[in-house]
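Enquirer: Can you keep this structure in mind? I'll have questions shortly.
The values are calculated or read from the model by the stated rules, or taken from the named source; none is laboratory data. Everything quoted here is computed from the prediction, not taken from an experiment. Here the Cβ is made from the backbone with ideal geometry for all residues, glycine too, and neighbour counts use every protein chain on show.
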Amino acid sequence: MANASEGRAEETGEQDANGEAGPAVFFRVQHSAFGTTLGANKGAANFLDRIWMQAFSSYEHNVAEQTKDLPPLACRKGCGTCCRIQVVATAPEVLMVARYVRAMAEGFRKVGIDLPARLAAASVATPETSGTMALGRECPFLVDGICVIYPVRPLACRGYVSFNEEACVAALEGEADEVPVSESHRTVRALVQGALQSALRDAGHPWALYDLVGALRIALARSDAEAAFAAGTDVFEPAIIDHVSREEMARTFDRLKA
Ligand code: SF4
C-alpha cells in the first residue's frame, strides 16, 4: 500500500469514481504530496534529500503497481543500448547526481574510471541536437554497458524501458524508428516528474527540465548550487531543455491541478 507521499497507483487508471480521467487525479495527488513535502521541509538540512527520495519512491512504487501484468522487460544489466539518448532531469535529480559523483569520484578513480573527466569530455545536448538513439551520443556514465550512477539515475532513465532488445539495437543503428518501450513506465514517469515540476514551480524553486550533462557540469563547478536551488535561483538555466515551452508546461500543470 502506498503512503500518502507516494500517491495511489490505482489512480493512474482510466477513471476514478467521479468519472474523472485517472492520470489527472494521480497528478493532483502527486502534486499535493510534493507541495506538502516542500512546505514542511523548507530550510531543513535534508530538504533536497526529502524531495529526491519522494520522487523516486513514488515512481518505483507506482510503476510496480501498474506493470504487474506486463510481459517481461528486455532491459538487463550490461545492456546500455538506450543510454545514447539525451537524458533530461529536474534540478533535485541533477543535484543528487552531483552529490553522488563528488562522493564516489575517488573510489571510481582507483578502478580507472574518471567520472569528472568523462563528464567534461561528453557532448552537451541542446533542443536542436536531442533526439533518437541513432545520434549515437553515449552517456558519460555508461561504462562497459553498466550505469555507474545507477542508484541515483534520473526518472527519465527509469521510465525508458523496452520489451525488445533487438529493436533497441536496430534503433541505435538507425534501422528502426520505433522501440517498443513500456507506455506504463513512461506514463508514470511523466506524471511523477510533471507533478514534481509543478510543485517546485508553485513553491518558487527552479522547475525546468535540464540536459543532465550540461546541468551536472554547472552543479559540480558551483559549491553553492544546492543553496541556490533552495533560494529559488536557477543556476542551471544555460542547460534548460524546452521540448515543450515552459509557458505551455505551466498551462498544462494549471489545467491538471484545477
Ligand atoms: S544515467 Fe545511467 S541509465 Fe541514464 S543514460 Fe546514463 S548510463 Fe544510462
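Enquirer: Quick check on this structure: which one of ARG189, ARG201 is within 14 Å of the ligand (Cβ to nearest atom), crowded, with 16+ Cβ neighbours inside 10 Å and part of a helix (DSSP H, G or I)?
Expert: ARG189
Yes or no, residue by residue, for (1) farther than 22 Å from ALA120 by Cα; (2) away from the ligand (no atom under 11 Å from the Cβ); (3) crowded, with 17+ Cβ neighbours inside 10 Å; (4) not hydroxyl-bearing (Ser, Thr, Tyr):
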residue	(1), (2), (3), (4)
PRO140	no, no, yes, yes
PRO151	no, no, no, yes
TYR160	yes, no, yes, no
LEU172	yes, yes, yes, yes
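Enquirer: Now for a separate question. Would you be able to say whether some residue in segment 105-113 is within 10 Å of the ligand (Cβ to nearest atom) and modelled with pLDDT of 85 or more?
Expert: First, the residues of segment 105-113 that are within 10 Å of the ligand (Cβ to nearest atom): none.
Taking every residue of segment 105-113 in turn, none turns out to be within 10 Å of the ligand (Cβ to nearest atom) and modelled with pLDDT of 85 or more.
Enquirer: Now, a different point. From (1) out of contact with any strand residue (DSSP E or B) (no Cβ under 9 Å at 6 or more places or on another chain); (2) among the aliphatic types (A, V, I, L, M); (3) in a helix (DSSP H, G or I); (4) more than 30 Å from PRO71 (Cβ to Cβ), pick out the condition that doesn't hold for LEU196.
Expert: With respect to (1) out of contact with any strand residue (DSSP E or B) (no Cβ under 9 Å at 6 or more places or on another chain); (2) among the aliphatic types (A, V, I, L, M); (3) in a helix (DSSP H, G or I); (4) more than 30 Å from PRO71 (Cβ to Cβ), LEU196 is out only on (4).
Enquirer: Restricting attention to segment 217-226, does a residue exist that is of a type outside the set (Ser, Thr, Tyr) and under 22 Å from PHE34 (Cα atoms)?
Expert: Checked against the condition, which is being of a type outside the set (Ser, Thr, Tyr) and under 22 Å from PHE34 (Cα atoms), segment 217-226 yields at least one hit.
Enquirer: For segment 149-179, how many residues are of a type outside the set (Phe, Trp, Tyr) and touching a strand residue (DSSP E or B) at 6+ places or on another chain (Cβ under 8 Å)?
Expert: First pass over segment 149-179, keeping only residues of a type outside the set (Phe, Trp, Tyr): 149, 151-159, 161-162, 164-179.
Checking which are touching a strand residue (DSSP E or B) at 6+ places or on another chain (Cβ under 8 Å) leaves us with 153-157, 161-162, 168, 179.
Summing the residues that are of a type outside the set (Phe, Trp, Tyr) and touching a strand residue (DSSP E or B) at 6+ places or on another chain (Cβ under 8 Å) in segment 149-179 gives 9.
Enquirer: Working only within segment 204-239, note down all residues that are among the small types (Gly, Ala, Ser), in a loop (DSSP other than H, G, I, E, B) and farther than 23 Å from ILE149 by Cα.
Expert: Passing the criteria: GLY204, GLY232.
Enquirer: Let me ask something else. Every residue in segment 228-251 that is polar (S, T, N, Q) and surrounded by fewer than 14 Cβ atoms within 10 Å (Cβ to Cβ), please.
Expert: Residue satisfying the conditions is SER245 alone.
Enquirer: Kindly list, by first and then second residue, each pair from a residue in segment 145-167 that is under 19 Å from ILE51 (Cα atoms) and basic (Lys, Arg) to a residue that is part of a loop (DSSP other than H, G, I, E, B) and within 8 Å of the ligand (Cβ to nearest atom), limited to pairs with Cβ atoms under 8 Å and residues at least 6 apart or on different chains.
Expert: What qualifies is ARG153/PHE141.
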